[in-house]
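So the structure is just underneath, and the comments pick up after that.
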Amino acid sequence: MTQTLDVVFLGPPGAGKGTQASGFAECHGVPHVSTGDLFREHLKNETPVGLMAKEFMDRGGLVPDDVVCQMVRERLEESDADRGAVLDGFPRTVPQAEVLAGDLERMERALRAVVHFSIQDQLLVERLAGRLTCRGCGAVFHRKSNPPRVEGICDPCGGDLYTRDDDGEETVRSRLQTYRDATAPLLGWYEKQGLICEIDADRSIDAVRTALEKAVEGR
Ligand code: AMP
């Protein structure tokens, strides 16, 4: 078994997984693999995967497991993921988690930790409603709690910031319901394997970052 830094970031939409995943991945020299970002990239390029995923994304539902799993498998086989990857938004169902476990095993790897970003529901709608995403690099800001230096412009890459189509209140509610129904059961599944690290995500970006490093350190 190779010792890699393969970690899963698990939590509801708006918990701050993406923001933390990009910083953590950069600091540890492994790629940040966000399935949502990969689908948005496919959609921008109008690929068949992107056009198909759009149907599910617009409704706040989940793209079928086989499509997501194949996309992640190919991503993990790229050479920059040799030392591990931060998986953000994947797996989102128990069947996806089973496929991931099999794929990692074939690659002689295993998950180091599953970080659970725990946060109260009522804060999520507020967070998502103010969220701004960069069209260029996918970086995430918030109108109030984490504004860009220049309005409408991404700090790291200078790209345009926009509100994601699925960050509207109605779609946010169905995304949260999808999380409760399909994704929350993963917590118990990973708990049994002793992989869960709990993080209180209702804190500042820096405080969550520190807690995250501590939780994964020594695993
Ligand atoms: P995210 O950026 O993680 O909020 O993902 C945006 C949307 O992409 C989700 O609401 C789903 O429709 C789709 N998606 C992302 N990751 C997955 C996944 N692991 N399984 C199924 N659908 C996904």
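The values are calculated or read from the model by the stated rules, or taken from the named source; none is laboratory data. Small disclaimer: the values here were computed from a predicted structure and weren't measured. With ideal geometry, Cβ positions are generated from the backbone for all residues, glycine too; neighbour counts draw on all protein chains shown. For accessibility, only protein heavy atoms count, side chains too; no ligands or nucleic acids. Shrake-Rupley method; radii C 1.70, N 1.55, O 1.52, S 1.80 Å.
Within segment 47-58, the set of residues being away from the ligand (no atom under 13 Å from the Cβ) and crowded, with 16+ Cβ neighbours inside 10 Å is empty. Only one entry in 141, 117 is open to solvent by less than 30 Å² (accessible area, probe 1.4 Å), touching a Cys at 6+ places or on another chain (Cβ under 8 Å) and aromatic (Phe, Trp, Tyr), namely 141. Pick from segment 1-46 the residues that are over 27 Å from residue 185 (Cα atoms) and among the charged types (D, E, K, R): which of them is most open to solvent (accessible area, probe 1.4 Å)? Step by step, filter segment 1-46, then rank; the result is 26.
Among the residues of segment 21-34, is any of a type outside the set (Lys, Arg) and either more than 26 Å from residue 208 (Cβ to Cβ) or within 9 Å of the ligand (Cβ to nearest atom) (or both)?
So far as segment 21-34 goes, yes, one or more of its residues are of a type outside the set (Lys, Arg) and either more than 26 Å from residue 208 (Cβ to Cβ) or within 9 Å of the ligand (Cβ to nearest atom) (or both).
Given the criteria part of a loop (DSSP other than H, G, I, E, B), within 21 Å of residue 23 (Cα to Cα) and either open to solvent by 70 Å² or more (accessible area, probe 1.4 Å) or away from the ligand (no atom under 16 Å from the Cβ) (or both), does residue 91 qualify? So residue 91 fails the test.
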